[in-house]
Structures are given as structure tokens and as C-alpha cells.
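The values are calculated or read from the model by the stated rules, or taken from the named source; none is laboratory data. Just so you know, these numbers come straight off a predicted model, no measurement behind them. For neighbour counting, all protein chains shown are included, and Cβ atoms are generated from backbone atoms with ideal geometry for every residue, glycine included. Side chains included, ligands, DNA and RNA excluded: accessible areas come from the protein's heavy atoms. Shrake-Rupley method; radii C 1.70, N 1.55, O 1.52, S 1.80 Å.
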Amino acid sequence: MPTHTVSDILAGLEDKRFSSEEITQQYLDEIAQHDKRINSYITVTADSALAQARAADKARSQGKAGLLSGVPIAHKDIFCTQGVRTSCASKMLDNFISPYNATVVDKMAAEGAVMLGKTNLDEFAMGSSNETSYYGPVRNPWQEDCVPGGSSGGSAAAIAAGLAAAATGTDTGGSIRQPAALCGLTGLKPTYGRVSRYGMIAFASSLDQAGPMARSAEDCALLLQAMAGFDERDSTSMDLPLSDYRGSLNKDLSGLKIGVPKEYFSTGLAPDIQAGVEAALKEYEAMGATLKEISLPHTQLAVPCYYVIAPAEASSNLSRFDGVRYGYRCDDPKDLKDLYTRSRAEGFGEEVKRRILVGTYALSAGFYDAYYRQAQKIRRLIKQDFIDAFKEVDIIAGPTTPNPAFALGEKTSDPLSMYLEDIYTIAVNLAGLPAISLPAGFTNGKPIGLQLIGNDFDEATLLAAAHQYQQRSDWHRRSPGQEGA
């Protein structure tokens, strides 16, 4: 199983220990051998991957290598890719071939990244377990009877299983950080507006954000450098200068003030995860950081607030899938109403339909003020909690998830229990802040994650804090099946 980091691959390519074509072929062989079991890919683009790898080798030989030249990566199948199926893991888009690339795809290709294929996800990114995909559930490589997390579970499982060096993900309520935690990876949700959403199929537009998933913080820094930046085609993209993320990784942490929210260490947190996070915080103290207990008093309102706002935006965004212009269309419709109703009823899965119904109800006449407007007011209170906290501390630390990976099927009949798995990640999306999850130990052979939350557009401090912890620990270097994991 390949366990290379992106940095390892770039060093190997530069030293001529292997070519991009050779390392790409190695990953394709691993996918062919193992992914029928893991199910992390929806589409594998072997021929174009090898062509891109040969082009990267040629560019490197001519001294024209980009930031990611020759590195085999995967894209979550929510990003549009020209000429390649973009399904969003839904029957609704199973036949959709995008006529253009998402900005993230274009930017990474411009830096020489090689696309191995498109990874599995929860349908339309709605889920925390990667069990709602039209193409079947993804298995966690650490324990294959468990979920990998969601919605970016295919990206996480592919990296953990050695089927990609890194991957893109999207995070609407924790969909990068939660699967990163459950699969022993590093995953960064950037500040809202840092990475373009153009060409990324929308779930909840005020919450969605693209970001990198990889083995290490150093790799996430490289990937963020490639994908971030202003995009005039995305009206929410921020025109702000980018930091030198990789160059800032060794920034001195002495005097860094880390806030520890008391609400994140209360009832519902698994004892082993609490112990792992507390041990990691002691390491930060040893590096010269200081810990300070803080309060985020509206934390308990984040989940109910999110599950009004996100479904409301989803019901609006997904109204475009009607069987008329593209996507799934029912057979032999009797009239226009029959075309609409049967195409949507047959094309969407149960979780997507549940959220559309909830969102439509919240936005309907007579209920808008009672639900949607109230949820937006609570969202402002949650944002104010973070504004107040960052007057006292530089970053905030806590667990990424309340529990480690759970068994496939364990929570599918209990949506509320599933939604609570995102209890520590959702508030970050409501506030639009950056956050990173990194490995911080194991419990019964399952990875656990430490979450670091930063102030607006301060991804550089988060990446530096994560990188320096990874210089003092080896959790991120462990792989499924390895002794001691």
C-alpha cells in the first residue's frame, strides 16, 4: 500500500527516484486491486491520468514544474470536471457529463496535479457516514465494517487506503474534518470565501466550502496554496492576499494562546477521545503555548440552527433538478407535472428528499419567520461567541467528533443520532471560520481527531500549529493494518 505524502512524492520526482507516470500507475494498480472492497471511487480516469502524468514528467524535465507537478490526487465527485461524469453520488446526475471544470479543478491542474478519478460521497454531500450514495457505502480502511465519515468519505478512504496521495473535499457542516478524523488524516476547511465555489455543486450556498484532505498539515498547506485565491466567477470569493502557507509552517508557537471551550468537553464525548485531545493539548503546552478555558455559550444551538438553514438552502438549490434540462428524467411522463414529480421522486434518495421537505417547510408562508429567520438570528449569536473568544485567544482546540467511526448501518434508522456526530464541527460553518482536523491517537484501533479552529482567513496559523504537533507525534504517519495503530 502506498503511504507517500505529497511532499514525499514531490521529493522523489525531483530526485528522479521515480517518474510521475510510474507513481501514477502504482496508484491505479492499487485502485484496481482494492477499491472493489473500499468503494472510494465512483469514476477512475486511468487513461487521462497517465497522459497527465507523462505531461508532468515532460514539464519537469524542461524546468517548468508547477507546485503539484506529477502528484496523483483525486477529486470529490461534487466538482465539475469537463468531459467526465459529475454525479454528486446521485441517480439524479448519474448521466451528467460536465461541459466545464470547477475553478478548484482548473487551478490544481494548472499546478500539474494528476487526477486519478472522482471519489464517492454522501448523495449531494448530505450525510455524515457516506451511506447515502447512489453507488453504495464507502468502507473505512481502518475497520472495514465501519463508516469512513461523510460527506467526503470517499476522498478520506481513498487516501487512508493508499489509493490517492491527497484529495479534495467539501465541508458544509464538517464534511472534510469529520471523515479526516475517522480515517486518521489531516483535513482543512478554509474560511468561507477563501476557495472558489464555482463549479462545485451547491448544497447550502452560505455554508459550502472546498478544502484539502491529505496525510499531513504540510500536504494541506501545499494543496491550499494551489486551490485558494480570488475568482471573479464566484460572488462570495474574497479578493485577499494569500499567505505563504508552506513557508509559515515552522512559525514559532511560543506564546500562542489556545482556547479550550468547556462546552466541548461535556456529556456525550467518548472518554478515549477526551483523553487523546487532552494529551495533545499538553504537547502544545510543552511547545510554549498557553491554554485558557473559554466559553462558546450557544454551542448547543448549532445543530438545530444548522438543520433549518442548510435544508432551506438545499431545497432552493436542488429545485433546478426537475428532469427538463439535464440529469435524470422519468420514463413516459403523462404531462409536465408528472415529469417534475416522478423525476424528482425517482432521482433523489431518501436523505435528500427528507432535507428538501424540511427546508421547503421552513421557507413556506407562515413558517419563514418562525424557523428560518429565527435560525439566522441564532447563527449571528454563534458567530458572536467566536468573535468574543478570539479577543482572548489565537486559536481554539477541541475534539473533531464525539465518537470514533461507528458501524455501517448503526445510525441509518436514527437521523438525529447521525446529525449529532457533527456537533463540534457545525458551528464553524455557521460562523464561516477556518478549522483543521488532525490525527491525535487511537481508540480500539480507530483514529481520533483533534480540531483546531482559527480566526477569519488565518489558515496559516492553523497549519503551523498542526504541522508542529505532527513533528512531535507520528499518528499521521500510521496506516491501516500497521502494528500499534
- Query: Taking region 277-303 as the search range and keeping residues that are among the hydrophobic types (A, V, I, L, M, F, W, C) and assigned to a loop (DSSP other than H, G, I, E, B), which one is nearest to A431 (Cα to Cα)?
  - Reply: L296
- Message: Out of L116, L68, I need the residue that is assigned to a loop (DSSP other than H, G, I, E, B), closer than 28 Å to Q225 by Cβ and touching a residue at least 12 places away in the same chain (Cβ under 8 Å). Which one?
- Response: L68
- Item | Test for A460: is it touching a residue at least 12 places away in the same chain (Cβ under 8 Å), in a helix (DSSP H, G or I) and under 25 Å from P190 (Cβ atoms) | yes
- Item | Residue among K76, K118, K107 that is touching an Asp or Glu at 6+ places or on another chain (Cβ under 6 Å) and under 16 Å from G199 (Cβ atoms) | K118
- open to solvent by less than 100 Å² (accessible area, probe 1.4 Å) and over 26 Å from I294 (Cβ atoms), is that true of G268? no
- Which of (1) in contact with an Asp or Glu (Cβ under 9 Å, 6 or more places away or on another chain); (2) open to solvent by 10 Å² or more (accessible area, probe 1.4 Å); (3) not in a loop (DSSP other than H, G, I, E, B) does G259 not meet, given it meets every other one? (2)
- Message: For the structure I just gave you, tell me whether A46 is touching a residue at least 12 places away in the same chain (Cβ under 8 Å) and more than 29 Å from P141 (Cβ to Cβ).
- Response: no
- Evaluate region 138-147: report whether one residue or more is over 18 Å from L68 (Cα atoms), free of Cβ contacts under 8 Å to residues at least 60 places away in the same chain, hydrophobic (A, V, I, L, M, F, W, C) and in a strand (DSSP E or B). no
- Matching residues in region 391-431 - criterion: being modelled with pLDDT of 95 or more and part of a helix (DSSP H, G or I): I426, A427, V428, N429, L430, A431
